[in-house]
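First the structure, in the form of structure tokens, and then the observations on it.
The values are calculated or read from the model by the stated rules, or taken from the named source; none is laboratory data. Remember, it's a predicted structure, so these values are computed and weren't measured experimentally. Don't worry about glycine lacking a Cβ; one is built from the backbone with ideal geometry, like all the others, and counts go over all protein chains shown.
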Amino acid sequence: MSEQTASPVRRDPVASLRQGCERPWEVDIDPFKVAPNTYYVGNSWVGCYLLSSSEGLILIDSTMQPQVHIVLENIRKLGFDPKDIKLLLLSHMHYDHVGGARVITELSGARIMLSREDHDFLTQRPDMLFDFGYPYGEFNVDDYYDDAKPVRLGDREITTVLTPGHTPGTTSFFFDATSDDDKTYRCGLHGGIGLNTLSNAFLKEHSLPKSYQSDYLQSLHALRDMPIDIALGSHPIHVRMLDRVSEIAEDHNPFYDPDLWSRFIDDLIEKAKIEFAKDSE
């Protein structure tokens, strides 16, 4: 397999959000398996992951309300019932990740988890949701993450790590995926890498502390040396996931790349340093 670049292509997030809300059929893609009992069920712009367990389904992120039907249909295409979702884990409080949460929990009765930091931020600064007027149903948070206490459902266990920066409570997820022949892959998903909410101009415009930048860099350094077999993207472009879908085969998992995670984090650190230095002089 050729080496995958870790550097994402820049794309206007507002234009992508509007496309996904107004023309969801343009971002609709089929689901695909990324690891044992672990599937991508999002769309071509924003990620959503399904983890099956012995006691039901776990969903990571919800995409947006006008396109959440894509998530539900992708789950059905894989042979699962969306009503079996027991846990909905939200990576951070931006609309493109939490906008469909109300629909999913009303359909399935799933318990919603979010960081306490982002729940407080969403309550105090609803303008930071960035829903741009698109449909959004408020939701209740049933539990908060505790980095010292993994999230468990049946035979699946997910370690959460608070990785502030993109939002104060952005959370990253790390979990094992074990195949029928007992081969285990360690999966890693950074909850939110976007520098669009960390530029000096953005922080000044929205009266947010410059410390968000140092928080971001510190959290990246803390994650950099984690042993990760399969790097996942909260947006698939982050690790060029869709470029590899065509390579999926019964005896080949193109997402397995133990070196990608460190390259990905190193690239983010470099880009952050450049961005933060732009107008700070």
Legend entry - Every pair of residues 6+ apart whose Cβ atoms lie under 9 Å, when the first sits in region 159-173 and is in a strand (DSSP E or B) while the second is basic (K, R): T160/K149
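Yes or no, residue by residue, for (1) of a type in the set (A, V, I, L, M); (2) closer than 18 Å to G194 by Cβ:
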position: I230; (1), (2): yes, no
position: I248; (1), (2): yes, no
position: P258; (1), (2): no, no
position: S262; (1), (2): no, no
position: I274; (1), (2): yes, yes
position: K278; (1), (2): no, yes
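Here are L51, L107: which of them is part of a strand (DSSP E or B), out of contact with any Asp or Glu (no Cβ under 9 Å at 6 or more places or on another chain) and modelled with pLDDT of 95 or more? Before you say what the answer is, go through the steps one by one.
Details: L107 fails: part of a strand (DSSP E or B).
Unique residue meeting the criteria: L51.
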Inset, instruction - Filter region 268-281 for residues that are part of a helix (DSSP H, G or I) and surrounded by fewer than 16 Cβ atoms within 10 Å (Cβ to Cβ) and give the result. - result: I269, E270, K271, K273, I274, A277
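Condition first: touching a Phe, Trp or Tyr at 6+ places or on another chain (Cβ under 9 Å) and assigned to a loop (DSSP other than H, G, I, E, B). Now tell me which residues in region 146-158 satisfy that.
Matches in region 146-158: P150 only.
Can you name every residue in region 245-255 that is surrounded by 15 or more Cβ atoms within 10 Å (Cβ to Cβ) and either under 19 Å from the mean Cα position of the chain (by Cα) or among the polar types (S, T, N, Q) (or both)? Break it down stepwise before answering.
Looking only at region 245-255, we keep the residues that are surrounded by 15 or more Cβ atoms within 10 Å (Cβ to Cβ), and these are 245, 253-255.
Once the filter is applied, which keeps residues that are surrounded by 15 or more Cβ atoms within 10 Å (Cβ to Cβ) and either under 19 Å from the mean Cα position of the chain (by Cα) or among the polar types (S, T, N, Q) (or both), region 245-255 yields V245, N253, F255.
Filter region 58-89 for residues that are without any contact (Cβ under 8 Å) to a residue 40 or more places away in the chain and not in a helix (DSSP H, G or I); which is surrounded by the most Cβ atoms within 10 Å (Cβ to Cβ)? Don't jump to the end; show me each part of the working.
Filtering region 58-89 down to residues without any contact (Cβ under 8 Å) to a residue 40 or more places away in the chain leaves 68, 71-73, 76, 79-85, 88.
Of the ones still in play, those that are also not in a helix (DSSP H, G or I) are 79-81, 85, 88.
Details: G79: 7, F80: 18, D81: 12, I85: 23, L88: 25.
Out of the qualifying residues, it is L88.
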Inset, instruction - Residues being in contact with a strand residue (DSSP E or B) (Cβ under 6 Å, 6 or more places away or on another chain) and of a type in the set (D, E, K, R): count how many of those fall in region 113-171. - result: 6
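Only one of R116, R102 is within 20 Å of T159 (Cβ to Cβ), surrounded by fewer than 20 Cβ atoms within 10 Å (Cβ to Cβ) and at pLDDT 95 or above; which?
Details: R102 fails: within 20 Å of T159 (Cβ to Cβ).
Being within 20 Å of T159 (Cβ to Cβ), surrounded by fewer than 20 Cβ atoms within 10 Å (Cβ to Cβ) and at pLDDT 95 or above holds for just one of R116, R102, which is R116.
Looking at the structure I just gave you, is F264 under 17 Å from the mean Cα position of the chain (by Cα) and under 25 Å from I58 (Cα atoms)?
Details: under 17 Å from the mean Cα position of the chain (by Cα): yes; under 25 Å from I58 (Cα atoms): no.
So F264 fails the test.
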Legend entry - Among (1) loosely packed, with under 13 Cβ neighbours inside 10 Å; (2) among the hydrophobic types (A, V, I, L, M, F, W, C); (3) within 17 Å of M226 (Cα to Cα) - the single one L260 does not satisfy: (1)
Legend entry - Residues being closer than 27 Å to L268 by Cα, surrounded by 18 or more Cβ atoms within 10 Å (Cβ to Cβ) and either in contact with a Gly (Cβ under 8 Å, 6 or more places away or on another chain) or of a type in the set (D, E, K, R) (or both) - total across region 146-166: 4
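For region 227-244, which positions are in a helix (DSSP H, G or I) and surrounded by 16 or more Cβ atoms within 10 Å (Cβ to Cβ)? Full working, then the answer.
Here is the first cut: in region 227-244, the residues in a helix (DSSP H, G or I) are 236-239, 242-244.
Passing the criteria: P236, I237, H238, V239, R244.
Examine region 98-111 for a residue that is under 27 Å from P82 (Cβ atoms) and in contact (Cβ under 8 Å) with a residue 60 or more places away in the chain, and state whether such a residue exists. I'd like the intermediate steps shown before the answer.
Keep residues of region 98-111 that are under 27 Å from P82 (Cβ atoms), which gives 98-111.
Those still in the list that are in contact (Cβ under 8 Å) with a residue 60 or more places away in the chain too: none.
Scanning region 98-111, I find no residue that is under 27 Å from P82 (Cβ atoms) and in contact (Cβ under 8 Å) with a residue 60 or more places away in the chain, so the answer is no.
Among the residues of region 187-211, what is the count of those that are outside any loop (DSSP other than H, G, I, E, B) and surrounded by 18 or more Cβ atoms within 10 Å (Cβ to Cβ)?
At the first step, the residues of region 187-211 found to be outside any loop (DSSP other than H, G, I, E, B) are 187-189, 195-197, 200-205, 211.
Those still in the list that are surrounded by 18 or more Cβ atoms within 10 Å (Cβ to Cβ) too: 187-189, 195, 197.
Final tally of qualifying residues: 5.
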Inset, instruction - Take region 90-101 and flag every residue that is in a helix (DSSP H, G or I) and in contact with an Asp or Glu (Cβ under 7 Å, 6 or more places away or on another chain). - result: Y95, H97
